[in-house]
Amino acid sequence: MRRSIPTVVVTVIGLILLADFIVANPTLDRVAGAVSEWIMLLAAAAALTGAIALVATHGRALLQRGTDRIGSAVLLLGLALMLIAGFRPGSSGSSDPMTRWLVAALLAPLIASLFALLFFFLLAAIRRGLAIRSRETSLMVVVALAVLVLLLPLGGALGGWLAAAAGWSLSGPIGAVFRGMLIGVAVMGAITAARLLFGVEGTDE
Amino acid sequence: MSSAWRRRAFLAPIVLLVLLSLAELAPRLSALQLANPDASRAEALRAALAAVPADGVALVDIDADLGTYPEVRPAVRAALDQLVRRGVRIAVVSFSAEGRAIASAELDRMQRLAPAAPLLDLGFRSGAEAGLVRSVRSIVPEGVGGAVAAEIRRRGGGLAAFDAALLIGGGEIGPRAWVEQVRTRVPQLQMVAIAPSVLQPELEPYRASGQLKALLATVRDDVAYVSAVGGWSAPRPGVAPVSGREPSALAILLGMLVAIGVLVEALAGHLLGPVGSPASRGQEER
């Protein structure tokens, strides 16, 4: 019974949205619009719940002198700063100059710097990968080397040839592999949805 | 792990950072070319944005990720500048929290550089893809006024009111979601996209099929586009260029050569000898 209620809800909502997509009917349109509003409200509620849970977890870690108190303190401080910038009296929310400064001068460079560290982490991970799963990682390294060479920013005839080859490889073999993966994911998604709708999920596991 | 290897691993990133900084400061070399020699993709975006009527309304969806946005930022700014220079009315919207943060900063910048530009901030629409679907019918929030908002409402108030949509893609809500959710409902809306390289393989089929009128999804195409619309140069003396300084091809080349060197060394060490190879070092580290 507990499992059938979510299944019924998912089935009904899915069918309403699908029917609205196919049939032009004002009543159906209004119902589908209301369902979309509920989904947005649920997403907002989930985001709020997540934020409260985050504060509770890190607040507890701070009070109970957890292992990463500095990290928890920085997280809560950052959260408080953003909330103050957006909610202080006279603030215009996300358009407020203070919020914009925090994003443009602090948040964006910090996240971009973290992202740039991927360069080092990826190279280190490949070295370790060669030790653990050598055959697969070797193949990946060879392909990565080929793509890197094709993307070298050289001028002249050689640069033109490399750029043309890079374009072909991105739209040809690499694109084909990626599209195959996407199609596979979509098919698996459809199968999982069908199993959920017919209540057969997890029975063979 | 030996102390020599540990010292090398500690010093290597520092040396690389110093070299990258020097390369960034060095004068540009003519032997290197960052812009893609095949400018067809850059030209497609330039032409698509030039085709928006001067009295038209363009929607700019900024849903990039903060991590990958620096890669596409010059092209995004150049595209916004191309629209602003022609007097096209622009409405900016976001469906992701990170996108909203970026949009807020870009709006601030545009309002400083072009105070008279007809811009409308549609803000953040919650609900991710559900919010996107909801916007097909109505995208202007209640209480938002001004000439641009009035024009969008006069045209119906939904996504069909726009002459074109410039999609700044990210991992959460990107051009793919727009093609899947909006293209099927508003087929007449012309969509062009700027996305980071990581999204290129999944977006290329949409460009090839014409569902995306234009797509920039590599650094080399971005640089070619910014060069094509004159984004690296200042519009008049004393005014900062729209897209900042052109990325240093030498710094990028240096980073790529280091990556190639590390990969070749790791692969050769693994294939040629077990003693002192990355494989044995990896086993030690484990």
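The values are calculated or read from the model by the stated rules, or taken from the named source; none is laboratory data. In this text, all values refer to a predicted model and were calculated from it rather than measured experimentally. Reconstructed Cβ throughout: ideal geometry from the backbone, glycine too, with neighbour counts over all protein chains shown. Accessible surface areas use protein heavy atoms only, side chains included; no ligands, DNA or RNA. Shrake-Rupley method; radii C 1.70, N 1.55, O 1.52, S 1.80 Å.
The residue list B:Ala266, B:Ala4, B:Trp232 was ranked by how far each Cα lies along the charge dipole of the protein assembly as shown toward its positive end, using unit charges on Cβ atoms, and B:Ala4 comes out on top.
Within 10 Å of the Cβ of each residue in A:123-135, the mean number of Cβ atoms contributed by other protein chains is 6.
Here the Karplus relation 6.51 cos²θ - 1.76 cosθ + 1.60, evaluated at θ = phi - 60°, turns the backbone of the stretch B:190-205 into coupling constants of 6, 10, 10, 9, 10, 9, x, 4, 5, 8, 4, x, 7, 9, 4, x Hz, with x for every Gly and Pro. When a/c reaches 1.5 or more, the comparison of a/b and b/c decides; with that in mind, is chain A rounded, prolate or oblate per its Cα gyration tensor? Verdict is oblate for chain A. The stretch between A:Thr11 and A:Leu117 holds 33.8 nm of extra length on full extension. This uses 0.36 nm per residue minus the Cα-Cα distance.
Could you tell me how far the Cα centroid of the stretch B:39-99 sits from the Cα centroid of the stretch A:23-100, in Å? Centre-to-centre distance over Cα atoms comes out at 28 Å. At a threshold of 50 Å², the residues of the stretch B:109-154 that become less accessible to a 1.4 Å probe in the full protein assembly than in their chain on its own are B:Ala130, B:Arg134, B:Arg137. Mind checking the log10 I(q)/I(0) for the stretch B:101-201 at q = 0.16, 0.19, 0.23 Å⁻¹? Debye, one equal scatterer per Cα, no solvent, two decimals. The computed values of log10 I(q)/I(0) come out as -0.78, -1.11, -1.48. Counting only Cβ charges, +1 for Lys and Arg and -1 for Asp and Glu, the dipole size of the stretch B:182-236 around its Cα centre is about 220 debye.
With the alpha-carbon atoms of the protein assembly as shown aligned to their principal axes, the span from lowest to highest coordinate is 73, 68, 50 Å, starting with the largest. Dipole size of the stretch A:42-156 about its Cα centre, with +1 on Lys/Arg Cβ and -1 on Asp/Glu Cβ: approximately 320 debye, rounded to the nearest 20. The calculated FRET efficiency for A:Leu139 paired with A:Arg69, based on their beta-carbon distance and R0 = 60 Å, is about 0.85. Per the Debye calculation on chain B with a single equal scatterer at every Cα and no solvent contribution, log₁₀ I(q)/I(0) for q = 0.07, 0.15 Å⁻¹ amounts to -0.33, -1.10. On the basis of the beta-carbon distance and an R0 of 25 Å, A:Leu18 and A:Ser171 show a calculated FRET efficiency of 0.15.
For chain B, a simple Cβ point-charge model (Lys and Arg +1, Asp and Glu -1, everything else neutral) yields a dipole of about 360 debye relative to the Cα centre.
Taking every alpha-carbon pair in the stretch A:119-197 and binning the separations at 5 Å intervals from zero gives 3, 13, 13, 14, 15, 16, 11, 7, 4, 2, 1, 0 percent.
Could you tell me which of B:Gly170, B:Ile90, B:Val198 has its Cα farthest along the dipole of the stretch B:40-228 towards the positive end, charges placed at Cβ (Lys, Arg +1; Asp, Glu -1), taken about the Cα centre? Of the listed residues, the answer is B:Ile90.
Summarised in one figure, the compactness ratio Rg/Rh of the stretch A:1-79, Cα atoms and Kirkwood Rh, is 1.28. Projecting the Cα atoms of A:Leu197, A:Ser94, A:Ala80 onto the charge dipole of chain A, computed from C-beta unit charges around the Cα centre, puts A:Ala80 farthest toward the positive end.
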